[in-house]
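The values are calculated or read from the model by the stated rules, or taken from the named source; none is laboratory data. Bear in mind that the values here come from a model prediction, so they are computed numbers and not experimental data. Glycine also receives a Cβ, built like all others from the backbone with ideal geometry; neighbour counts cover every protein chain displayed. Accessible surface areas use protein heavy atoms only, side chains included; no ligands, DNA or RNA. Shrake-Rupley method; radii C 1.70, N 1.55, O 1.52, S 1.80 Å.
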Amino acid sequence: MSTRPRLPFLKGHGTENDFVIVPDLDGHLDLSAAAVARICDRRAGVGGDGLIRVVRSSAHPEARAMADRAEWFMDYRNSDGSIAEMCGNGVRVFARYLQRAGLAEEGDLTIATRAGVRRIHIAKAADGTDGAAVGGEGAITVEMGKALLPEPGPEGGITVSVGERNWPAHHVNMGNPHAVAFVDDLGHAGNLFTAPGVRPAAAYPHGTNVEFVVDRGPRHVAMRVHERGSGETRSCGTGACAVMVAAARRDGADPAVTGRPVSYTVDVPGGRLVISERPDGTVEMTGPAVIVAEGEFDAAWLDTALG
Ligand SMILES: N[C@@H](CCC[C@H](N)C(=O)O)C(=O)O
């Protein structure tokens, strides 16, 4: 018989990038990488592209310094248990959880992440759709910070490869790393269960997320992604932001030069995100966030999962 306190969880997604949400408000849980991987396992666990632990910033050593600017910290883990700096879809789902739990209201709030404090706006949801229509009522907008575009090192620019195919790629950092390759056909990326090759390895000492992008129309692109630590997912918010910035620079659009914001629609297999870049370089993402279920871990199962 387990003596562990009952542990609730929720399941949510943003454009079908799905997460197990574990409220641990006062930071008592010790979640090892192995435990996260078991919880995210789609057959033997709850299943998800990642796990989001909701913890008070003041109760987490990595967030304490942000506690005066953001009450809540998103402790994000990939489905293999590895730690990531940021998750764009995850932070919208995190905000939706706070709203549902009565810990935040519609309107403006801030959330601490390993990439820094992010400002969020939860639009008014008059129709209860949880923002399923991008930009519609209930959608959530996140100020994702500024994109960094690291210069190529001595070994040259980035190349992404799948099988025999190679593409030049843009190195974009949105708090976490991305390699963005423009391709003729999203099918050419093939089977993304395994990670694409990325060279030079030194450009990404901690690995990278890889996006494959095609044009759909003016300021409108579509992408597939292989996420570091999770494999192919149906969407990646930071990836969509990296794609938007890479597409804008490719198209000769730089808000810092023109003084005008630029906006792209980014289609992902799981839906649509709208991404804008402002003249000060801040990237803004708008998209849906949905909570689909709420439950409680079986105590005996949790004992074995947490070890
Ligand atoms: N799905 C996320 C990104 C999650 C982290 C990523 N796999 C990494 O390791 O950097 C998003 O929506 O941004």
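Per-residue 3J(HN,Hα) values for region 60-76, derived from phi via the Karplus relation 6.51 cos²θ - 1.76 cosθ + 1.60 with θ = phi - 60°, read 10, x, 7, 10, 3, 5, 9, 4, 6, 10, 8, 5, 10, 10, 8, 8, 9 Hz in sequence order (x marks Gly and Pro). Ranking Lys11, Lys146 by solvent-accessible area of protein heavy atoms (1.4 Å probe, all protein chains present), from largest to smallest, gives Lys146, Lys11.
Summarise the accessible area of region 158-287 (1.4 Å probe, protein heavy atoms) by the percent that is carbon and sulfur.
Details: 2530 of 5080 Å².
Using a 1.4 Å probe with all protein chains present, region 158-287 comes out at 50 percent carbon and sulfur.
Note on exposure: Val257, Val290 ranked by accessible area (1.4 Å probe, complete protein assembly) read Val257, Val290, with the most exposed listed first. With springs only between Cα atoms under 10 Å, which of Ala35, Ala65, Ala147 fluctuates most in a Gaussian network model of the chain? Comparing Ala35, Ala65, Ala147 in a Gaussian network model of the chain, the most mobile one is Ala65. Short-range pairs are left out: with C-alpha atoms under 8 Å and at least six residues apart, the relative contact order of region 158-287 is 19 percent.
Leaving ligands, DNA and RNA out of it, rank Arg56, Arg119 by accessible area with a 1.4 Å probe, largest first. Spell out each step's value before the answer.
Values: Arg56 70, Arg119 145 Å².
Descending accessible area places them as Arg119, Arg56.
A probe of 1.4 angstrom, applied to the heavy atoms of all protein chains, finds Arg42 with accessible area near 130 square angstrom. Annotation note: GluC sites (Glu not before Pro) in region 56-94 located in DSSP loop regions with a Cβ neighbour count of at most 11 within 10 Å are absent.
Note down the accessible area of Cys40, probe 1.4 Å, to the nearest 10 Å². Cys40 has an accessible surface of roughly 10 Å² with all protein chains in place. You can think of it this way: the chain between Trp301 and Asp185 has 37.4 nm of extra reach, that is 0.36 nm per residue less the Cα-Cα gap.
Residues whose amide H comes within less than 5 Å of that of Ala147, counting only those at least five positions distant or on another chain, are Val283 (H built at 1.01 Å from N in the peptide plane). Measuring with a 1.4 angstrom probe and ignoring ligands and nucleic acids, Ile83 comes out at about 90 Å² accessible.
For the chain, what does the helix formula give at 222 nm: sum of -39500 (n - 2.57) over DSSP H segments with n ≥ 4, over the residue count, nearest 500 deg cm²/dmol?
Values: 5 runs with 47 residues, N = 307.
Taking each H run of at least 4 residues, the total per residue is -4500 deg cm²/dmol.
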